[in-house]
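Read-outs throughout are calculated quantities, based only on the coordinates presented, and are distinct from any laboratory measurement. If you're wondering where the values come from, they're calculated on a predicted model, not measured in any experiment. Cβ placement follows ideal geometry from the backbone for every residue including glycine, while neighbour counts extend to all protein chains displayed.
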Amino acid sequence: MKRFTLTLAALVVATPALALVPINENEVIVDTLLQGFIGDAIDDNCSTLEARKMRALNELTKLRDYALKEGYTGQEIRDFVTSKEEKAKGKAMAAEILKERGAEPGDEAVYCAIGEEEIAKGSLIGDLLRSTK
C-alpha cells in the first residue's frame, strides 16, 4: 500500500509536466506572438504608424513569465523565440491574416487602415503601434 501511495504521489506531481503541449502549440503563446508579427508587418508597411518598442518588450516579458508559470523551461522559451523556422512560420501566418484583410505588400493605405482600426479597437496589435500623424 505504501508503494502504491508513493507511486500515485509521483504520478500526480509529474502529471502537469506530461500534459504540457509543445510550446509552439500553446494557443496563448502562439496567438500573442502572432499579434506581434502582425503589428511588425504593419510597422514595416505603413509610414504613419510605428512600433511601440517598449510596449512590445513589456508584452514579451509578460509572455515569458506566462510560459514559465505554465511549466516551460527557460531553455525551451529561448529555443522557441530564437528559432528561425518558428519566426518564418509566424511571419507567414501574419502575412496570410493581413492578406485576408486586404493587405498586399506595397499597398501602404491598407496596412495603415488596418493599423488605425486596431489602435481604435484597443487590441494588442493596436497597443503595439502608435500613429506618427
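General remarks:
- Note on region 22-131: Cα Rg divided by 2.2 N^0.38 Å, N the number of residues, gives 1.08.
- For the pair Glu70 and Glu100, label points projected 7 Å from Cα toward Cβ lie 2.0 nm apart.
- Per-peptide packing, taken as the mean over residues of other Cβ atoms within 10 Å, places 47-55, 114-122 in the sequence 114-122, 47-55 from highest down.
- Simple label model, 7 Å out from Cα along Cβ direction - Ser47 to Arg78, nm: 4.1 nm
- Burial ordering of Lys99, Lys69, fewest other beta-carbon atoms within 10 Å first: Lys69, Lys99
- Which of Tyr72, Tyr111 has the fewest Cβ neighbours within 10 Å, and the rest in rising order: Tyr72, Tyr111
- Globularity ratio of region 37-81, using Cα Rg and 2.2 N^0.38 Å: 1.43
- Note, ³J(HN,Hα) from phi for region 77-84, Karplus 6.51, -1.76, 1.60, rounded to Hz, x at Gly and Pro: 5, 4, 4, 5, 6, 9, 6, 5
- 3J(HN,Hα) from dihedral phi, region 24-35, Karplus parametrisation 6.51/-1.76/1.60, rounded to Hz, x for glycine, proline: 7, 10, 6, 4, 5, 5, 4, 5, 5, 5, 4, 4
- Segment Glu25-Lys91, extension gain: residue separation times 0.36 nm, minus the distance between their alpha carbons: 22.2 nm
- For Ser83, no residue 5 or more places off, or on another chain, has a built amide H under 5 Å of its own.
- Total charge dipole magnitude, the chain, about the Cα centre, Cβ charges on Lys, Arg, Asp, Glu only, Debye to nearest 20: 780 debye
- Label-to-label distance, nm, for residues given as Leu60 and Ala120 (7 Å Cα→Cβ offset): 3.1 nm
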